[in-house]
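Below is one structure, written out as structure tokens, with a few remarks after it.
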Amino acid sequence: MSLPNVAYFSMEIALDQSLNTYSGGLGFLAGSHMLSAGYLQMPMVGVTMLWSYGYYDQRIDHAGNVEVAYIRKYYDFLTDIGVTVEVETFGEKVKVKAYRVEPELFGACPVYLLTTDIEGNSEWAKRISHRLYDGDERIRIAQETVLGIAGVRVLQKVGYDFDVVHMNEGHALPAAFELLKQFNGDLDEVKKRTVFTTHTPVAAGNEVHWVDTLMQGGFFSGCSRERAIELGGENFSLTVAALRMSRIANAVSQLHGLVANKMWEWVDGRCPIRAITNAVNLHYWQDKRITGDDSSEKLLATKREMKEELFKYIANVAGKRFDPDVLTITWARRFADYKRAWLILMDKDRIEKLLNENKVQIIFAGKFHPDDVMGKEMFNKLLNRSHTLKNVVVLPGYELQLSAMLKKGSDIWLNTPLRPFEASGTSGMSANANGALHLSIYDGWTVEGTFDGINGYTVEYEGLDDEMPWEERHWKDHECIMDIIENRIIPTYYNDKEEWARMMRQAIRTADAYFNSDRMVVEYYNRLYKPIAHDDSSTGETKKEMNISETPTFDAWTYSNIK
């Protein structure tokens, strides 16, 4: 049986630093998906937007605070395929032009980029593809309408005969409504061709709009108001509708699978939610100098070399000189409050003692949403505090290139989400692949990939899932992190290099073995696009085609107490 042709729709795809069409983790994940699909020669194409100004450029202004800057991007390496389609949104007929990223450019499968920033459109219509995740609700809805509806029409116009539409998050939901229109309202026909990935258990990550605003935006591709409400509610939830319009959905780690099934169990008529753990493209992220088979001496020497390269960059952009022989801890990811960048600094005296004694160096980096006042304030507070702290730096401009440098030049990759709000948190996987040890809250992919004392360190304690005030949880997590750093990490790093190298080796091997997106893409084909097992209910349960006894599942041995 031949493999199905898949069209992968994502609002952001990070293929390369030179193509600024991403904001962070979701884009990094989508980029890895496309790169592995290309590497494995799977029948797949990507569909995303060509953002004229990217997400935004992050830099430090003359007053020493972070600045959000929008700089127009120009590319001469995209193929103009001569295809334009039209969509209607908020009373305007908007032209959408398509470009293609050819496979030989970055090694990915073909990716189609959509833009409205062309002659013939109004200034408002041109704005639709200006900024990723625009804060204007009408623009945001129009962006999703263009991605989904124009995306389907472009693929049909170029003759790509897709069997499966994969919606990476709810942003692409209009694609399902466009199929509903083309199949004259037959939802079963749509479900045969549609799958969905949900990425977050955080409420803010599951988009909701008033149904009439979406109607005005053309989001439903002509579907009636009543039918739209049936699928997503009057205060329309993109995630709920996606679960009702898909044949099958997936969460992005084993733990997230349990959380997502619990979170959405109230949704009548939803499809099953399976768990397919995220991964990263090691051909892209892993430094060729480092392998899990290196001797301890070579491994440590390579890591020191990569640290020196990172520290040269830090000296150039931040005016701080870091020591390659000092334990280096990095926190680098999206600046959202629940990810708690500040957690390691909670006890000022305790952390300053380690910093002043040259026991540790700490690097922070990451982007906040340009309209996230709290995220921006958090970044600025850390930035200003770093000026008076020894061995602490906050780096602006967290893009693919800096992300890769940090993962190669760090000893410890710190992950501090408020559990269980981290669906996956893939950055630690590419850090592991470069010999950085994960120190993480027991959440997301950490549960299945960071084995305490073997390839990293996990924050676990009695009462991990007990109800407690958030402030108490913050302090409990902080205490545990500091105990691990002071009593386990520092002694091992400085006094037992052989043991440290052993753990580095295991971190690399773990990443190589399972957290490689080549594995992930194969698993998507086998479990989502062309399922080996068929689904017999809307509860997420599956039965094998053959009559064999049930085997223990993840649920059977962990996290039965998640509320």
>> Tell me the angle of helix 400-409 to the major Cα principal axis of the chain, expressed in degrees between 0 and 90 and rounded to the nearest ten.
In response: 30
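At 0.36 nm per residue, minus the direct Cα-Cα distance, what do E137 and N526 gain on full extension? Give it in nm, one decimal, please. Show your work: numbers first, answer last.
On the way: separation 389, 0.36 × 389 = 140.04 nm, distance 3.71 nm.
Gain on extension, E137 to N526, equals 136.3 nm.
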> How far apart, in nm, are the 7 Å Cα→Cβ label points at F183 and E88?
Replying inline: 2.4
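How would you order 294-301, 167-174 from highest to lowest mean count of nearby Cβ atoms within 10 Å?
Numbers: 294-301: 15.2, 167-174: 27.4.
Averaged packing, sorted descending, gives the order 167-174, 294-301.
Taking 0.36 nm per residue of sequence separation and subtracting the Cα-Cα distance, how much length would be gained by fully extending the chain between N487 and N356, in nm to one decimal? Before the final figure, lay out the partial values.
On the way: separation 131, 0.36 × 131 = 47.16 nm, distance 1.74 nm.
Gain on extension, N487 to N356, equals 45.4 nm.
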>> How many angstrom lie between the Cα centre of the stretch 107-151 and the Cα centre of the stretch 387-408?
In response: 31
> Any idea how far apart S224 and H62 come out in nm if each label point goes 7 Å out from Cα toward Cβ?
Replying inline: 6.1
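Decide, for the stretch 32-133, between rounded, prolate and oblate: order the square roots of the alpha carbon gyration tensor eigenvalues as a ≥ b ≥ c, take rounded if a/c falls under 1.5, and otherwise choose prolate if a/b is larger than b/c, else oblate.
Working: a/c = 2.38, a/b = 1.16, b/c = 2.05.
Verdict is oblate for the stretch 32-133.
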>> Given the DSSP H assignment, sum -39500 (n - 2.57) over each helix run of at least 4 residues in the chain and divide by its residue total; what's the result at 222 nm in deg cm²/dmol, nearest 500?
In response: -10500 deg cm²/dmol
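Could you calculate the FRET efficiency of R72 with D268 from 1/(1 + (r/R0)^6), where r is the beta carbon distance between them and R0 is 56 Å, rounded to 0.05? Before the final figure, lay out each step's value.
Values: r = 46 Å, r/R0 = 0.83.
About 0.75, to the nearest 0.05.
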> Zone of N384 (label point 7 Å along Cα→Cβ, backbone N under 17 Å): which residues in the stretch 61-76?
Replying inline: 61-68
> Which angle from 0 to 90°, rounded to the nearest 10, does the C-alpha axis of helix 470-484 make with the longest principal axis of the chain?
Replying inline: 50
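I'd like the FRET efficiency for I454 and K192, computed as 1/(1 + (r/R0)^6) with the beta carbon distance as r and R0 of 56 Å, rounded to 0.05.
Values: r = 43 Å, r/R0 = 0.77.
Calculated transfer efficiency: 0.80.
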> What FRET efficiency, computed as 1/(1 + (r/R0)^6) with R0 = 25 Å and r the Cβ-Cβ distance, is obtained for D347 and Y514, rounded to the nearest 0.05?
Replying inline: 0.10
> Looking at the stretch 458-538, which chymotrypsin sites (Phe, Trp or Tyr not before Pro) are DSSP coil and have at most 15 other C-beta atoms within 10 Å of their C-beta?
Replying inline: Y461, Y514
> Where both residues lie in the chain, what percent of DSSP beta bridges are antiparallel, nearest 5?
Replying inline: 35
> Between I81 and E308, what is the spin-label point distance in nm, taking each point 7 Å from the Cα along the Cα→C-beta axis?
Replying inline: 4.7
> By how many degrees, 0 to 90 and rounded to 10, does the Cα axis of helix 497-513 deviate from the longest principal axis of the chain?
Replying inline: 10
> Reachable lysines from K288, Cα under 18 Å, same-chain residues fewer than 8 places away excluded?
Replying inline: K298, K303, K307, K407, K408
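Mean separation of Cα pairs under 8 Å and 6+ residues apart, divided by the residue count of the chain: what relative contact order is that in percent? Before the final figure, lay out the partial values.
On the way: 1115 pairs, mean separation 80.1, N = 563.
Computed value for the chain: 14 percent relative contact order.
Run the numbers for E102 and Y461: contour at 0.36 nm per residue of separation, minus the present Cα-Cα distance, in nm.
On the way: separation 359, 0.36 × 359 = 129.24 nm, distance 4.93 nm.
That works out to 124.3 nm of additional length.
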>> As a test, work out the antiparallel percent of DSSP beta bridges whose residues both lie in the stretch 82-199, rounded to the nearest 5.
In response: 75
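Listed highest first by mean packing, meaning other Cβ atoms within 10 Å per residue, what order do 50-61, 432-443 come in? Please report the intermediate quantities before stating the final value.
Details: 50-61: 19.1, 432-443: 26.9.
Answer by packing, highest mean first, reads 432-443, 50-61.
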> In which sequence would H256, H62, H474 go, from the one with the fewest C-beta neighbours within 10 Å to the one with the most?
Replying inline: H62, H474, H256
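At 10 °C and 1.306 mPa s, grab the translational diffusion coefficient of the stretch 6-275 from Stokes-Einstein with a Kirkwood Rh over Cα pairs, rounded to a whole number in µm² per second. Please report the intermediate quantities before stating the final value.
Working: Rh = 18.7 Å.
The diffusion coefficient I find is 85 µm²/s.
Just so you know, all these numbers are worked out from the coordinates, no wet-lab data involved. All values derive from a computational prediction rather than experimental measurement. Note that we place each Cβ from the backbone using ideal geometry, even for glycine, and neighbour counts take in every protein chain shown.
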